[in-house]
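Have a look at the structure below before the remarks.
Read-outs throughout are calculated quantities, based only on the coordinates presented, and are distinct from any laboratory measurement. Everything quoted here is computed from the prediction, not taken from an experiment. Glycine gets a Cβ as well: all are built from the backbone with ideal geometry, and neighbour counts include every protein chain shown.
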Amino acid sequence: MGWVRGEELHLDVDFEPKVLVSGEPGWRTLDITPRVEYYPSSWVDLTGEVTVGTTVQTDDLRTNELTFRPGFRPYLIKNIHERFDMGATYQGPEFGVTITL
């Protein structure tokens, strides 16, 4: 599920239920991951997400997870093309690598 909040902000939530369908012991888990992406300029996106999850591993064992993941996504080819004024506007593919801290 995602929401665009203007040209500079995107909000997203992932729901990930998982179940072990064969084998013993059976387990099930539910992860919920809200994510925010902020686009401050044409050459970098800032990202952040938090995973909240719970896993029932056996009848007697239940675990919980809370994980923070800040990151950024630089767009190097577009930035190089614009920086060195290589003529027409760059219209090639976008190559971004998400770097999570």
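Give, in nm to one decimal, the length gained when the segment between residue 29 and residue 14 is fully stretched (0.36 nm per residue of separation minus the Cα-Cα distance).
Length gained, residue 29 through residue 14: 4.0 nm.
When Lys and Arg each count +1 and Asp and Glu each count -1, what net charge do the other residues less than 15 Å away from residue 55, Cβ to Cβ, add up to?
-2
With r as the distance between the Cβ atoms of residue 7 and residue 52 and R0 = 25 Å, compute the FRET efficiency 1/(1 + (r/R0)^6) and round to 0.05.
0.30
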